[in-house]
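Take a look at the structure set out below.
The values are calculated or read from the model by the stated rules, or taken from the named source; none is laboratory data. Quick caveat, the model's predicted, so the values are computed rather than measured. Glycine gets a Cβ as well: all are built from the backbone with ideal geometry, and neighbour counts include every protein chain shown.
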Amino acid sequence: MTMGSEPDGVGPRVQRLRRERGLTQRALAEPAYTAAYVSTVESGRVQPSEAALRHLAERLGVTFDELATGRPAHLLPELKLALTEAQSTLADGDTTEAARRFAAVLDRAARHDIASLRPAALLGLGDCALEAGHLDDARSHFEEAERLLAGEPLPRRAAAIRGRAVAHLLAGELRYACYLLETAIDQLNRSGLHDPDALLLLYSAAIGPYTDMGAHGRAAQAAELALALAPGATDPALVAGLHRNVARTLIADGRAAEADASLAKAQELYQRLRLTSDLAKCHWMRGYVHAQAGDLAGAEHELRTARAMLAARHAELFTHQVDVELADVLRRRGRHEQAGELLRSLLDRIGPDRGAVHAAGAHRLLGLIAEDRDEPETAEEHYVTALALLERAGAAGDLADLCRLLGDLLRRTGRVEQALDVYRTGLGHRAAPGTTTLGPAPAGPPIPAPAPLVPEP
């Protein structure tokens, strides 16, 4: 806050404090100033210099900052502590209480114009909104944080950019999520702002949308660069997130045992840091790894653990996404009725603008269940819906498989020409593995060439 910007201003504040302490204007002024000078300050006719304010503050028994701004002397450390407590509450997974605390910090920081704390409070509110599945609110908070940090170096804005990208990813806007992350990475590397924490955050965040888009080569490259940056990182939570995201590239490469080992590293760090929501997501991914390896009982256990942890913390959208994975395991274990009921209950809560990739996954599974029941028309409806969702999201990683399923169904029902068209569409999505249409990959950081994720024979 600038001097005198509080509604009552510096002059009335000096007068109030002087009267509370029973001082005359002469007693307050001496020996450096006159009673007449104090009178002009209190009336607002004169704006006191810094030296005069320091003299008046000392005589009144308050800090310079408190007299100049009207802020209580204890306010800044008090709000910093409140911000830390809000972040701890979010780490524990209580998004509702964390959001309340972040909002309280933001309100008090705004009222007293403590600009340094507002972006951090907005980032916290954005993370709470992501966990709760309120994607529009999340985007709004991250955009406002980025606006407040507009004059800061790019590394300071990395968390806000990453938050915006994740919100767009969860909304099914994969290409725009990649664009945000790649642009920031490119600017950081080309400008020489090689901040390890910022780059690690952005590279790790890019792995998810790359994988969903079928850009597995670019996802692996991002993982390799992030691993090379990890030794220079100062935030262990970022390193844990890296190991969790690297597991996605290993899963895509069919290396389930290595993916599980990477997740175990992440899980150990999250347990040490007591980041329960992130720990739940490790259980979720380990469930997927077990399912890929054919251990369906282990997969169900991990997914139910993840689901219980996320549901207890009101992480609604992520809970629904786990339910899709769980339904797949239930179907593969022969419990079609349970799987179908679980999937149908989800479809009014996720869709094109909220978990589009997982909504497509739900329709794909319902199509498979319909085929098992010899209901080809119902299966076709679900496959077509899933295709539309994936095409809208740009999730080429799953489109080829879905085209194969739909093509096989059309061929079995005698529609060979239509089947061939669908197969060709699927082959088109397989045509350029490891690429996107976003243009060249962003410039890399000036680090030694990373060791490849796939070891040389």
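Remarks
- Residues that are within 15 Å of PRO12 (Cα to Cα) and hydroxyl-bearing (Ser, Thr, Tyr), drawn from the stretch 28-67: TYR37, SER39, THR40, SER43
- Count - residues of the stretch 145-176 that are closer than 11 Å to LEU135 by Cβ and over 11 Å from the mean Cα position of the chain (by Cα): 3
- One residue stands out in the stretch 329-343 among those that are farther than 18 Å from ASP398 by Cβ and among the charged types (D, E, K, R): the one that is surrounded by the fewest Cβ atoms within 10 Å (Cβ to Cβ), namely GLU337.
- Qualifying positions in the stretch 371-408 - aliphatic (A, V, I, L, M), surrounded by fewer than 23 Cβ atoms within 10 Å (Cβ to Cβ) and touching a Phe, Trp or Tyr at 6+ places or on another chain (Cβ under 9 Å): LEU405
- Those helices (runs of 4 or more DSSP H) of the stretch 1-97 in which at least 3 residues are closer than 30 Å to THR276 by Cα, considering only elements entirely within it, cover 75-91.
- Whenever a residue of the stretch 186-202 is over 20 Å from ASP235 (Cβ atoms), its partners that are surrounded by 20 or more Cβ atoms within 10 Å (Cβ to Cβ), lying with C-beta atoms within less than 9 angstrom and at least six residues away or across chains, give the pairs ASP186/PRO442; GLN187/PRO442; ARG190/PRO442.
- Answer from LEU346, LEU326 - the residue that is buried (at least 24 other Cβ atoms within 10 Å of the Cβ) and outside the structural domain of LEU90 (by TED's automatic domain parsing): LEU326
- Test: ARG344 is over 22 Å from GLN271 (Cβ atoms) and touching a Leu at 6+ places or on another chain (Cβ under 6 Å): no
- Subset of the stretch 309-325 that is assigned to a helix (DSSP H, G or I) and small (Gly, Ala, Ser) - its residue that is farthest from GLY340 (Cα to Cα): ALA312
- The set of residues in the stretch 7-38 that are crowded, with 16+ Cβ neighbours inside 10 Å and either among the basic types (Lys, Arg) or in contact (Cβ under 8 Å) with a residue 40 or more places away in the chain (or both) comprises VAL10, ARG13, VAL14, LEU17, ARG18.
- Hits in the stretch 295-320 (condition: of a type in the set (Ser, Thr, Tyr) and crowded, with 19+ Cβ neighbours inside 10 Å): THR319
- Boolean, VAL357 is more than 23 Å from THR276 (Cβ to Cβ) and of a type in the set (Val, Ile, Thr): yes
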